[in-house]
1. If I ask for residues that are in contact with a strand residue (DSSP E or B) (Cβ under 9 Å, 6 or more places away or on another chain) and touching a residue at least 40 places away in the same chain (Cβ under 8 Å), which ones from segment 251-267 would you list?
2. Suppose we filter Ala266, Ala318, Ala290 for residues that are hydrophobic (A, V, I, L, M, F, W, C), more than 30 Å from Thr230 (Cβ to Cβ), at pLDDT 95 or above and assigned to a loop (DSSP other than H, G, I, E, B); which single one remains?
3. Looking only at strands (runs of 3 or more DSSP E) that fall completely inside segment 1-83, which ones have 3 or more residues that are open to solvent by less than 60 Å² (accessible area, probe 1.4 Å) and under 20 Å from Ala101 (Cβ atoms)?
4. Restricting attention to segment 105-118, does a residue exist that is open to solvent by 10 Å² or more (accessible area, probe 1.4 Å) and more than 20 Å from the chain's Cα centre (by Cα)?
5. Which residues, taken from segment 71-120, are over 16 Å from His144 (Cα atoms) and of a type in the set (Ser, Thr, Tyr)?
6. Would segment 164-182 turn up any residue that is surrounded by 19 or more Cβ atoms within 10 Å (Cβ to Cβ), aliphatic (A, V, I, L, M) and touching a Lys or Arg at 6+ places or on another chain (Cβ under 9 Å)?
7. Suppose we filter Ala129, Ala88, Ala101 for residues that are within 27 Å of Phe244 (Cα to Cα) and either open to solvent by less than 40 Å² (accessible area, probe 1.4 Å) or in contact with a His (Cβ under 7 Å, 6 or more places away or on another chain) (or both); which single one remains?
8. From Ser298, Ser241, Ser225, grab the single residue that is surrounded by 22 or more Cβ atoms within 10 Å (Cβ to Cβ), modelled with pLDDT under 95 and of a type in the set (Ser, Thr, Tyr).
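The values are calculated or read from the model by the stated rules, or taken from the named source; none is laboratory data. Since this is a predicted model, take the numbers as computed values, not measurements. Virtual Cβ from ideal backbone geometry, glycine too; neighbours counted across all protein chains shown. Note: accessible area is taken over every heavy atom of the protein model, side chains too, but ligands, DNA and RNA are not part of it. Shrake-Rupley method; radii C 1.70, N 1.55, O 1.52, S 1.80 Å.
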Amino acid sequence: MDVLIINQQEVVRLLPMAEAIEAMRAALAALARGDGLQPLRPILWLPERVGALGMMPAYLGHIQAMGIKVVSVFPGNAGTPYDAHQGAVMLFETTHGRLQAIIDATEITAIRTAATSGVATDLLARPEATELVILGAGVQARTHLAAMLAVRPIRRVRLWSRTPAGAAAFAEREGSQHQVPIEVSASAAEAVRGADIICTATSARDPVLLGEMLSPGAHINAVGSSVPFTRELDTAAVLRSRLFVDRRESTVNEAGDFIFPQQEGALDESHIQGEIGEVLIGARPGREGAGEITLFKSLGLGIEDVAAAHHIFQQAVAAGAGIRIELGGERHDNG
């Protein structure tokens, strides 16, 4: 049995943002309809929490695919040659359980996370939103810029990062690539003032986006924190917002942006307005007024990885991309 190996550079080519957004839209809707399986991910933490190994299995019925992403998470990799997320997605078909592909997870994670924010933004942000703020200047900042440009007519981008040099380099590089002006702000508060869409994509342990900074009508995509003991938003920011999530179970168990306010007694699970998939299929309402603040808390789901891997695999087969290796899996009788 041969298996297709697809590297990081090929993922970028085979999963353009517009196609990724549509793949995430279909996957989230399928999960909301009950046509998917999404267990809570187990995470192995190293001593002192310097890094973790996450395992994210999932199944999607509408594409008859199952898979698992195994990824290491090392936030301390900032400033090194290595991404904070490294690993692979293994894609299986569901007739005989054959392993079809092993695909780089670093770029899948970067693209599908932003694409999911793109779906949420398309549903929740005001249609006339044109001013984007990105907090952070790393990988997720890069892909979120592409996703926001894909779903809204962004005319102005403001950027803030705790590393001014990194912010300046990001603004020059990405502004030139996307032909959009990117202004570097001196503080998060300065960047956020009057923003239509805010993407928090930092490695901060403590809040960088405060409720007092938010303007009526804003939409927020909070993606930087995916563990219970860090958060990017303070309690006031969460309370001022109508909260939407990718998965309730994940949010109440893993999202520091939700867990901290809950532990403070400021909110409970009723503050969650719905899952994005439920909004997609019409089971829950999205934005209900131009002046309300909406918040999408993203943790990342295995179904997103499986949907992305399935799309990449199909495109790779059609284009003759990737490398095939013999890995085994065929039955051998001993006679």
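1. Correct list: Thr251, Glu254, Ala255, Asp257.
2. On the way: Ala266 fails: more than 30 Å from Thr230 (Cβ to Cβ); Ala318 fails: assigned to a loop (DSSP other than H, G, I, E, B).
Matching residue, one of Ala266, Ala318, Ala290: Ala290.
3. Numbers: elements: 2-6, 43-45, 52-60, 65-73.
Result: 2-6, 52-60, 65-73.
4. So far as segment 105-118 goes, no, none of its residues is open to solvent by 10 Å² or more (accessible area, probe 1.4 Å) and more than 20 Å from the chain's Cα centre (by Cα).
5. Residues satisfying the conditions are Ser72, Thr80, Tyr82, Thr94, Thr95.
6. Of segment 164-182, the ones surrounded by 19 or more Cβ atoms within 10 Å (Cβ to Cβ) are 167, 170-171, 174, 182.
Keeping just the survivors that are aliphatic (A, V, I, L, M) gives 167, 171, 182.
Filter again for touching a Lys or Arg at 6+ places or on another chain (Cβ under 9 Å), leaving 182.
Within segment 164-182, one or more residues are surrounded by 19 or more Cβ atoms within 10 Å (Cβ to Cβ), aliphatic (A, V, I, L, M) and touching a Lys or Arg at 6+ places or on another chain (Cβ under 9 Å).
7. Details: Ala88 fails: within 27 Å of Phe244 (Cα to Cα); Ala101 fails: within 27 Å of Phe244 (Cα to Cα).
Result: Ala129 is the single residue among Ala129, Ala88, Ala101 that is within 27 Å of Phe244 (Cα to Cα) and either open to solvent by less than 40 Å² (accessible area, probe 1.4 Å) or in contact with a His (Cβ under 7 Å, 6 or more places away or on another chain) (or both).
8. Working: Ser298 fails: modelled with pLDDT under 95; Ser241 fails: modelled with pLDDT under 95.
When all the criteria are applied, what remains is Ser225.
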